[in-house]
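Every number in this text was worked out from the coordinates using simple rules, so none of it is lab data. This structure is a prediction, so every number in the text was calculated from the model and none was measured. Note that each Cβ is placed from the backbone with ideal geometry, even for glycine, and that neighbours are counted across all protein chains shown.
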Amino acid sequence: MIQLEDYTFGIDGIKPYILKNKKIAETLETQRKLLQLWKVQRPIIHNNMTFSTKDLEIYQIDRLRNIVDTAFSTNPFYNQLYSKVGYSRGDIITLDDYKALPIITKDDLLDNENWLGGNLSPTLENAYRYTTSGSSGKVFTVYRDAVMNNMMWLNQLRFYEQILQRPLKQKDWIYEIYLAAPTFSSIADHYPFFTVSNECPPEYVLAHLKLLKPSILSGFPSYLLNLASLIKDPAEFDFIEAIVTNSEASSQQERDRISRAFGGALVCDEYSSIELSFISMQCPHGNYHLVEDNVRVDIINENQLGQGEMIATNLHNTFLPFIRYNHGDKLALKQHGLECRCGNKFRMLKQFEGRADQILISQKNGEISSFMIMSLYDRFLLAHDSNLLEFQIVQKEVNLIELNLVPKANSKGINWSCIDLFTSHLKELFGNDENLSIKINEMAEILNPSYKRRLIINELLH
């Protein structure tokens, strides 16, 4: 198996930040099984993206029936929940049958000890364990078996081939900057992964990238933007063909900035979660496609703009499934039947609103979506001449917004005309409410309570 320390090329400073999977032993046997699965499933899962609406519905109903029946039979939490509504095995015949099942939340699972009960194989101690970020303030542990873990890998490899717009080669390195290592450092020496902590000094990463020359780079947008700010010559990184942003909300302008810094590499965003795995992925044409052979997504409580709460089920997790799970995010979907030039027929997102608490609330206009706020800060706070290193928009009270600003080092100071334009347009979103106050705080740094940056925070919702 690949030993990552053999690929540091003398950059000793990066060694303490190399991440390895220590939860479950990584063996050549399990890698070979996954490689064989990939060889068999590769053409099948690529073909899935061309499903007709009818064929996709048949596929999803079959998967949902299996998930629900297995959960009903083996998991005390789901057995009690579904028994109360008169469910019997085999009742999922149509999507309407599935949609009639109760919706669950993270609180439901945290408060119910039966969630981790039942006859589980493997045992929890031998399952893959993941912990959510706790961005909601509620830390939650998720367990996956090998089936779920392997499906996650298949979806990830397919995504890489989509954005590379070519098949993966055996020696294509994937370079990740993240919090934890993937379950495998390679797949039987194919598609090697080099993962470093997001605490690694960026100068080490840039020096290492030049030597390892990965085809794909993946990481937090905030870290990638930090790397981008240090690059003097984009041509030095033209070996990177594609970049994946994940885990944090980012705007298209930020992704374009990352692309320019890395010699024009295609930058695509990934929307996933610990509970559901891959939810939506951005294609080379910029559209966010739901990963509909991995997750069933429905929108409830839609407003006039079509924005609503996401209710979802992973279609492969029979071990400890999340069924009709309210993820806490808000989405809007594009009109059904629209086709993308990339050939993927899965439904597309119209707007990704992000976490439900990343909105602002106006006394005159009600909820102001994160999408609208993001459009504003794209134009003014992320402008090249704004001279801002970081910013954060915090609603402290109904009529009080605080705008925290960190100027770039060695700059001429904040460009206040950009700030004035942002605040004036923000006031328009609030209906030019005379009671609204926007307080500007110039700061040395912005401290986030978790490892993820939060550009929009509504303290009224906590």
Run lengths n ≥ 4 of DSSP H only: what is the helix-derived mean residue ellipticity at 222 nm for the chain, with -39500 (n - 2.57) per run over all residues, to the nearest 500? -9000 deg cm²/dmol
Lysines near K84 by alpha-carbon distance under 19 Å, same-chain residues fewer than 8 away left out - which ones? K99
At 7 Å along the Cα-to-beta-carbon direction for both E339 and S52, put a label point, then send me their distance in nm to one decimal. 1.3 nm
Reachable aspartates and glutamates from K39, criterion Cα separation under 17 angstrom, eight or more residues apart if same chain: E29, E161, D172, D189
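Of the chain, which part is the longest with no GluC sites (Glu not before Pro) in a loop (DSSP not H, G, I, E, B) and with at most 10 other C-beta atoms within 10 angstrom?
1-338
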Determine the dipole magnitude for the chain: charges of +1 sit on the beta-carbon of Lys and Arg, -1 on that of Asp and Glu, nothing else is charged, the reference point is the Cα centre, and the result goes in debye to the nearest 20. 860 debye
Within the stretch 291-311, find all residues whose amide N lies under 20 Å from a label point positioned 7 Å from the Cα of D97 along Cα-to-beta-carbon. 295-298
Euclidean distance of C-alpha centroids, the stretch 386-428 and the stretch 83-116, integer Å: 45 Å
Between the stretch 134-204 and the stretch 255-307, the alpha-carbon center distance in angstrom: 17 Å
For the chain, what is the percent of antiparallel DSSP beta bridges, rounded to the nearest 5? 60 percent
Please list, or write none, the lysines whose alpha carbon is within less than 20 Å of the alpha carbon of K15, excluding same-chain residues fewer than 8 places away. K23, K210, K213
Full-extension gain in nm, K439 to E459, via 0.36 nm per residue minus C-alpha separation: 5.7 nm
Which value, in debye to the nearest 20, describes the size of the charge dipole of the stretch 360-461 about its Cα centre when Lys and Arg Cβ atoms bear +1, Asp and Glu Cβ atoms bear -1, and nothing else is charged? 240 debye
Simple SL model, points at 7 angstrom along Cα→Cβ for R379 and M1; separation in nm is 5.2 nm
